[in-house]
Protein chains: 2
Amino acid sequence: MADKVTIADVARVAGVSRQTVSNVLNTPDVVRQETRQRVLDVVGELGYRVNQAARQMRTGRSRLIAIRIDPDRDGINGSVLDRFLHGLTDSAARSGYRVLLYTADDDRSEVATFEDLLGAYEPDGFVLTGTHHQDPRASWLLDKGVPFVTFGRPWGKEAEARHPWVDVDGAAGTAAATRHLLDAGHTRIGFLGWPSPSGVGDDRREGWARTLAEAGIDHTDLGRATSDAVADGEAAAHDLLGSDSGVTALVCVSDSLAVGALHAARSPGLAWRVDARPDLPIAVIGFDDTPVAKAVGLTSLSQPLKEAAASCVTLLARILEGTETARASAASPAPVLLEPSLVVRQSA
Amino acid sequence: MADKVTIADVARVAGVSRQTVSNVLNTPDVVRQETRQRVLDVVGELGYRVNQAARQMRTGRSRLIAIRIDPDRDGINGSVLDRFLHGLTDSAARSGYRVLLYTADDDRSEVATFEDLLGAYEPDGFVLTGTHHQDPRASWLLDKGVPFVTFGRPWGKEAEARHPWVDVDGAAGTAAATRHLLDAGHTRIGFLGWPSPSGVGDDRREGWARTLAEAGIDHTDLGRATSDAVADGEAAAHDLLGSDSGVTALVCVSDSLAVGALHAARSPGLAWRVDARPDLPIAVIGFDDTPVAKAVGLTSLSQPLKEAAASCVTLLARILEGTETARASAASPAPVLLEPSLVVRQSA
DNA sequence: TCCATGGGTTTGAACGTTCAAGACGAAGTA
DNA sequence: TACTTCGTCTTGAACGTTCAAACCCATGGA
C-alpha cells in the first residue's frame with residue numbers, strides 16, 4: 001500500500017516542472033529561494049524520497065559501498081570485523097551511502113564477486129580488509145579503475161602509494177605495551193608472534209623489538225612465532241617461560257595467543273617462576289581488546305575501529321565526490337594511520 | 001574502463017531482439033532451444049550481467065534484503081550476530097539476493113530507517129533480530145505490507161501467527177544442559193537468568209525448571225535473575241553458591257553470566273564447597289558458545305546460526321517469490337524452531 | 001530600437017530493463 | 001479453403017530520474 005511518491009507528483013503539487021524539483025534537491029543554488037521553499041514543503045508533506053534505482057540508471061552512481069564479511073576464522077578475532085562493520089555502516093549512512101555485504105572464500109572468488117557486483121548492483125566503491133603481500137584484489141580494482149580503500153596498509157612496497165588506505169599502527173601499539181611493562185619493572189620481556197612474513201605480525205613484532213633495543217635490552221631469543229590459536233600460544237609461552245631466558249612478561253600479537261599465554265603463566269608447572277619473583281608475577285598483554293580479553297582480565301591493545309571506519313568512508317567519499325579527472329589521475333588521498341590504545345587490566 | 005555490456009549488445013551480436021535475450025534469462029522455456037543456446041553463448045562471451053537498477057525500475061524488485069547491525073552491546077554476545085550475518089549473506093547470495101546493512105539506536109529510529117530505505121533503495125524484505133514484547137517494528141512492517149522475517153519468535157501472544165519467524169529453542173537447550181548435569185550426578189542445579197519479563201530469558205529458564213521438575217527436584221530458590229554482565233553473574237553466583245542451597249552446578253542464560261559464575265566458582269572464598277564434595281567440582285554451563293566460552297573452557301549451548309540464517313532466507317524468498325495474492329493474504333509460511341546443541345568443555 | 005546577457009524555469013531524451021501487445025509462419029481443425 | 005491455435009520472436013512503451021538544450025522574460029548597453 002506504499003503510495004510511491006515520484007518527482008512528478010511533487011512537481012504537480014508544487015506547480016513546477018520535474019526538473020525544478022530535481023534541481024531543488026541536487027543543485028539548490030540555481031533555484032529561486034521562494035520556489036525552493038515551496039518545493040521543499042511539498043517534499044516534506046508528501047514524504048517524497050528520491051528513488052535510487054532511477055537515479056542510478058541516469059547518473060551511474062549507486063551510493064552503495066561493498067565490503068566482504070569474513071567467516072570468523074577462529075572465533076576470538078571475529079568481533080573486530082564486527083565492530084568495524086558497525087562503524088562503517090554508521091559513517092556511511094551519515095555520508096549518504098549504504099553498505100552492501102558479500103562473502104568470498106579466497107582472493108580469487110572475491111575478484112569474481114567484484115565482477116558480479118559491478119555488473120549487477122554497481123557499487124560505487126569497495127572497502128577491502130585483511131590486506132596482505134601480493135594482494136591480487138587491490139591490483140584488480142586498480143586495473144579496472146574502481147574506487148576503493150583498504151583497511152590495512154599495502155604490504156608490498158611498490159604498491160605503497162597507489163591507493164588510499166587506513167590502518168592501525170601495530171608497532172606503536174606493541175611499543176606502548178612494552179614500555180608499560182618496562183615501567184612496571186620488567187626487563188626480560190618476550191614476544192609471541194606469527195611466522196614471518198606477515199605484514200601485520202612483523203609490524204607488531206617490530207614495535208616490541210625496537211622498544212627493547214632503545215632500552216638497551218638484547219631481545220635475542222626472546223621471541224617466538226606460531227599460528228594463531230589458543231593452544232599454540234600456550235605451548236609457545238610454556239617454551240619461552242620454561243627456558244632459562246628469565247622472561248617475566250609477554251607481549252602477544254593477538255588476544256588468542258595471549259589467552260594461551262595466560263593459561264601457561266598460571267599453570268602449576270611454572271609455579272616456581274612465581275615463587276622466584278613474587279614481586280613480579282608473569283605479565284601478559286594481548287592485541288585487539290576483544291571481548292575475551294575483557295572477560296578474562298587480559299590487558300590488551302584496543303584498535304580505534306570506529307575512527308578507522310570513519311576514515312575509510314571519508315577517503316572513499318573524497319574519491320567518489322571528486323571529479324572524473326581527479327579520479328582517473330592517481331592523486332589518491334593521503335593514507336591514515338591511527339594509534340591503538342592500551343587497556344590495562346589485571347594481567348599486566 | 002568497464003565496457004558496460006547491455007542487453008542490446010547481446011541482442012545485436014546474437015542476431016535477436018532485446019526481448020528474446022530477456023526471455024532467455026527470465027523465462028527460458030518460451031525460447032527455442034537453438035536460439036537459447038546461441039544467446040547464452042553470447043552472454044558468456046561478452047560477460048553480460050543484468051543491470052539491477054534497470055531491472056528494479058521495471059519490476060519493482062531490488063533483490064536486496066536489509067538487516068540492522070547492532071552496536072555490540074557489551075562485547076561477549078556480539079559475535080553471535082556476526083556469525084548470523086555471515087550465514088545470512090551467504091545464503092542470500094545463493095538465492096540471488098544481497099544483504100544491505102543499516103544501523104538504528106532504538107525501535108523508533110529503526111522504523112524511520114524503514115521508511116528511508118523503502119523510499120530510496122526499496123529492499124524486497126527485512127530480517128529483524130532481537131524481537132521483544134510489543135515490538136513496534138513488526139507491526140509497522142505488517143501494516144505496510146512489507147515482507148519480513150524475524151530471527152526470534154514474536155513474544156506477544158496475539159501476534160503469534162501473523163508473520164514468519166525463525167528461532168532457536170532456548171528451553172530445549174537449557175533442558176539438555178540440565179539433563180547433562182543430572183547425568184553427571186548433580187541434583188542441586190541452579191539457574192542464573194535475566195529479570196522477567198524477557199522472552200528469551202524466560203524461555204531458557206523454563207527449560208531448566210521443567211527438567212528439574214520432571215526429575216522430581218524442587219527448584220524453589222535455586223534461580224537468580226540479574227542483568228547481563230560478567231560482574232553481575234559473579235555476584236549472583238556467589239550469592240547462590242554461598243547460600244545453604246547445596247547447589248553444585250549452574251545453568252546460565254548467557255556466556256557473560258556463565259563467565260562470571262566461573263570466576264565465583266573458582267574464588268578462594270568458596271574453596272570449602274569444593275572440599276565438601278571433591279567428587280563434584282562446581283559445574284557451569286553457558287549459552288551461545290561464544291569465542292569467550294571456547295577460550296575459557298566453558299561448556300555452552302551452541303545456536304545453529306548458519307541454519308537459522310538459511311531458514312530466514314528460505315522463508316523470505318518463499319514470500320517474495322510467491323504471487324502477489326499469496327503475499328497479500330495472510331498465509332505466512334510455517335515458523336522454524338531449531339535446536340541448540342551442547343558443546344561440552346572442561347566446565348561441566 | 002535592437003541585441004546580448006543571464007537568472008530561472010521547462011522540455012525532450014536517455015539510462016537498461018521487462019511488460020503488454022502484436023506479428024509471423026506452421027500446423028491443426030472445421 | 002478459411003479459421004483457429006500455438007510456438008517463437010519482435011516492437012513500442014514504461015519504470016523515475018537527470019542531462020542537455022531550449023525557452024522566457026527582465027535588464028542593460030549600444
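Some notes on this structure:
- Checking A:ASP169 against (1) more than 30 Å from B:ILE7 (Cβ to Cβ); (2) among the charged types (D, E, K, R); (3) without any contact (Cβ under 8 Å) to a residue 40 or more places away in the chain, the condition it does not meet: (3)
- The lone criterion from (1) under 30 Å from the mean Cα position of the chain (by Cα); (2) touching a residue at least 12 places away in the same chain (Cβ under 8 Å); (3) more than 16 Å from DNA strand D (Cβ to nearest atom) left unmet by A:ALA93 is number (2).
- Hey, B:SER79 touching a Pro at 6+ places or on another chain (Cβ under 7 Å) and assigned to a helix (DSSP H, G or I) or not: yes
- For the range B:105-130, a residue qualifies if it is crowded, with 18+ Cβ neighbours inside 10 Å and more than 22 Å from B:HIS163 (Cα to Cα), and exactly one does: B:TYR121.
- Residues within the range B:121-139 that are at pLDDT below 95 and within 14 Å of chain A (Cβ to nearest Cβ), tallied: 1
- Selected residue (criterion: modelled with the lowest pLDDT) from residues of the range A:142-163 that are crowded, with 21+ Cβ neighbours inside 10 Å and farther than 20 Å from A:GLY201 by Cβ: A:HIS163
- Just one of the listed residues (A:SER332, A:SER311) is hydroxyl-bearing (Ser, Thr, Tyr), modelled with pLDDT under 85, closer than 21 Å to A:VAL127 by Cβ and not assigned by TED's automatic domain parsing to the domain that holds A:GLU206, namely A:SER332.
- A:GLY170 falls short of the stated requirement of being within 14 Å of chain B (Cβ to nearest Cβ) and crowded, with 21+ Cβ neighbours inside 10 Å.
- The single residue among B:ASP116, B:ASP106 that is of a type in the set (Asp, Glu) and within 16 Å of DNA strand D (Cβ to nearest atom) turns out to be B:ASP116.
- Selected residue [hydrophobic (A, V, I, L, M, F, W, C) and under 25 Å from A:SER79 (Cα atoms)] from B:LEU25, B:LEU88, B:LEU40, B:LEU46: B:LEU88
- Residue check for B:LEU85: within 18 Å of A:LEU85 (Cα to Cα), of a type in the set (A, V, I, L, M, F, W, C) and out of contact with any Cys (no Cβ under 8 Å at 6 or more places or on another chain): yes
- In summary, A:PRO123 fulfils each of the numbered conditions (1) under 23 Å from B:VAL5 (Cβ atoms); (2) within 14 Å of DNA strand C (Cβ to nearest atom) with the single exception of condition (2).
- Some residue of the range B:95-102 being touching a strand residue (DSSP E or B) at 6+ places or on another chain (Cβ under 6 Å), among the aromatic types (Phe, Trp, Tyr) and facing chain A (nearest Cβ under 9 Å): yes
- Within the range B:180-212, being assigned to a helix (DSSP H, G or I), of a type in the set (Gly, Ala, Ser) and modelled with pLDDT of 95 or more holds for B:GLY207, B:ALA209.
- Residue count for the range A:103-118 under the criterion of being more than 11 Å from chain B (Cβ to nearest Cβ) and in contact with a helix residue (DSSP H, G or I) (Cβ under 7 Å, 6 or more places away or on another chain): the result is 3.
- Enumeration of residues in the range A:8-59 that are of a type in the set (Gly, Ala, Ser), more than 9 Å from DNA strand D (Cβ to nearest atom) and within 14 Å of another protein chain (Cβ to nearest Cβ): A:GLY44, A:GLY47
- Count of the range B:22-42 residues, restricted to those that are more than 10 Å from DNA strand C (Cβ to nearest atom) and part of a helix (DSSP H, G or I), is 12.
- Residue within the range A:82-91 that is acidic (Asp, Glu), facing chain B (nearest Cβ under 8 Å) and outside any helix (DSSP H, G or I) present: no
- Pairs where the first residue, in the range B:121-138, is over 30 Å from B:MET57 (Cβ atoms) and the second is of a type in the set (Asp, Glu), C-beta under 6 Å, 6+ apart: B:PRO136/B:ASP107
- Residues (without any contact (Cβ under 8 Å) to a residue 40 or more places away in the chain, within 9 Å of DNA strand C (Cβ to nearest atom) and not basic (Lys, Arg)) located in the range B:4-18: B:ALA8, B:ASP9, B:VAL10, B:ALA11, B:SER17
Let's see how each residue does on (1) in the same structural domain as B:LEU212 (by TED's automatic domain parsing); (2) in contact with a Lys or Arg (Cβ under 9 Å, 6 or more places away or on another chain):
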position: B:GLY145; (1), (2): no, yes
position: B:PHE151; (1), (2): no, no
position: B:SER196; (1), (2): yes, yes
position: B:GLY201; (1), (2): yes, no
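- The range B:12-21, residues that are in a helix (DSSP H, G or I) and surrounded by 18 or more Cβ atoms within 10 Å (Cβ to Cβ): B:VAL13, B:ALA14, B:THR20, B:VAL21
- Residue in the range A:70-81 that is more than 18 Å from A:TYR121 (Cα to Cα) and over 31 Å from the mean Cα position of the chain (by Cα) present: no
The values are calculated or read from the model by the stated rules, or taken from the named source; none is laboratory data. Predicted model, so just to flag it, every value in this text is computed and none were measured. All Cβ positions, even for glycine, are placed from backbone atoms using ideal geometry, and neighbour counts span all protein chains on display.
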